[in-house]
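Working notes, structure below.
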Amino acid sequence: MLLGTREDINLIIKPHPVTLRDQGDWMSELRRAARGRKNVWLVEDPANDGMALLPLADVLVSDASSLIFAFLACDRPLVLVTHPDRKQDPGYDGNGIEWRWRDVGKEIMDIETLPAAIQQALQQPELRASERSRYRQLLFGQYTDGHAAERIAARIGTLPRRGSSQP
């Protein structure tokens, strides 16, 4: 359902913990759709941030997870599932970037439109590229080259050591 017959792409589905907790019908459908697909990962453990899977994904399907913003560094398409009753949730904050920046991906409000949205994202990954670029620049600036660990290590190496007389 989610990828049709394609086996050459990877898909990560990372629902928000509230979706995991409260949207049993959506989760049942996602489990059914992902079952038996070696290239589809449904991240159901709220403690698992899914970061290790990002480099493997051709498209990310999420709702309001912060993983959306980490995935921007990959410059790949996003499909954002928005529950129509989200404003009823006590944790909903319409001023949060997860809600203000919905144009970063293809937003859907009906779970039945998910397969078509995924197909569109895969067939036309350039859609929303300018929005992804704008938000990626706001979040990461020039630092999307994959060398953050080296930069951090170099900076740590310049810190004074405990007990050192260096300023």
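The values are calculated or read from the model by the stated rules, or taken from the named source; none is laboratory data. None of these values were measured; they are calculated from a predicted model. In this analysis, Cβ positions are derived from the backbone assuming ideal geometry, glycine residues included, and neighbour counts consider all displayed protein chains. Surface accessibility is based on the protein's heavy atoms, side chains included, excluding ligands, DNA and RNA. Shrake-Rupley method; radii C 1.70, N 1.55, O 1.52, S 1.80 Å.
Quick one: which residues, 5 or more positions from Glu107 or on another chain, have an amide H under 5 Å from its amide H? H modelled 1.01 Å from N in the peptide plane, none for Pro or chain starts.
Amide H neighbours of Glu107, under 5 Å, 5+ apart: Leu80.
How much length is gained on full extension from Leu138 to Gln120, taking 0.36 nm per residue of separation minus their Cα-Cα distance? Numbers along the way, then the final one.
Numbers: separation 18, 0.36 × 18 = 6.48 nm, distance 2.58 nm.
The Leu138-Gln120 span can extend by a further 3.9 nm.
Could you pull out the chymotrypsin sites (Phe, Trp or Tyr not before Pro) across the stretch 76-167 that fall in loop regions by DSSP (anything but H, G, I, E, B) with no more than 16 other Cβ atoms inside 10 Å?
Qualifying residues, ordered by number: Tyr92, Tyr143.
Compute the angle between helix 114-123 and the longest alpha-carbon principal axis of the chain, please, reported from 0 to 90 degrees and rounded to the nearest 10.
Rounded to the nearest ten degrees, it is 60.
Give the angle, between 0 and 90 degrees and rounded to the nearest 10, that separates the Cα long axis of helix 24-34 from the longest principal axis of the Cα atoms of the chain.
Result, in degrees: 80.
So how strong a dipole does the stretch 31-167 carry about its Cα centre when Lys and Arg Cβ are +1 and Asp and Glu Cβ are -1, to the nearest 20 debye?
Taking the Cα centre of the stretch 31-167 as origin, the dipole is about 440 debye.
Nearest 10 degrees, 0 to 90: what angle lies between the long axis of helix 129-140 and the longest principal axis of the chain (Cα atoms)?
Between helix and principal axis, roughly 30 degrees.
For the chain, what is the accessible area per residue in Å², given a 1.4 Å probe and the full set of protein chains?
Numbers: 9840 Å² over 167 residues.
Ligands and nucleic acids excluded, the figure is 59 Å² per residue.
Cut-off under 17 Å on the C-alpha distance; same-chain residues fewer than 8 positions from Lys106 excluded. Which aspartates and glutamates are left, in chain and number order?
Asp58, Asp63, Asp75, Glu98, Glu126, Glu131
Take the alpha carbon gyration tensor of the stretch 42-85, find the square roots of its eigenvalues, order them as a ≥ b ≥ c, and report rounded if a/c is under 1.5; if not, report prolate when a/b exceeds b/c, else oblate.
Since a/c reaches 1.5 but b/c is at least a/b, the shape of the stretch 42-85 is classed as oblate.
How much solvent-accessible surface does Ile97 expose, in Å² to the nearest 10, with a 1.4 Å probe and all protein chains in place?
50
Once the other residues with Cβ under 15 Å from the Cβ of Asn10 are scored (Lys, Arg +1; Asp, Glu -1), what is the net sum?
+2
I want the antiparallel fraction of DSSP beta bridges within the chain, as a percent rounded to 5.
The answer is about 0 percent antiparallel.
On the protein heavy atoms, probe 1.4 angstrom, tell me the percent of accessible surface of the stretch 37-167 carried by carbon and sulfur.
Numbers: 4080 of 7940 Å².
The nonpolar share, carbon plus sulfur, comes to 51 percent.
Could you work out the helix-only [θ] at 222 nm for the chain, with each DSSP H run of four or more residues adding -39,500 (n - 2.57) and the total divided by the number of residues, to the nearest 500 deg cm²/dmol?
One gets -9500 deg cm²/dmol as the mean residue ellipticity at 222 nm.
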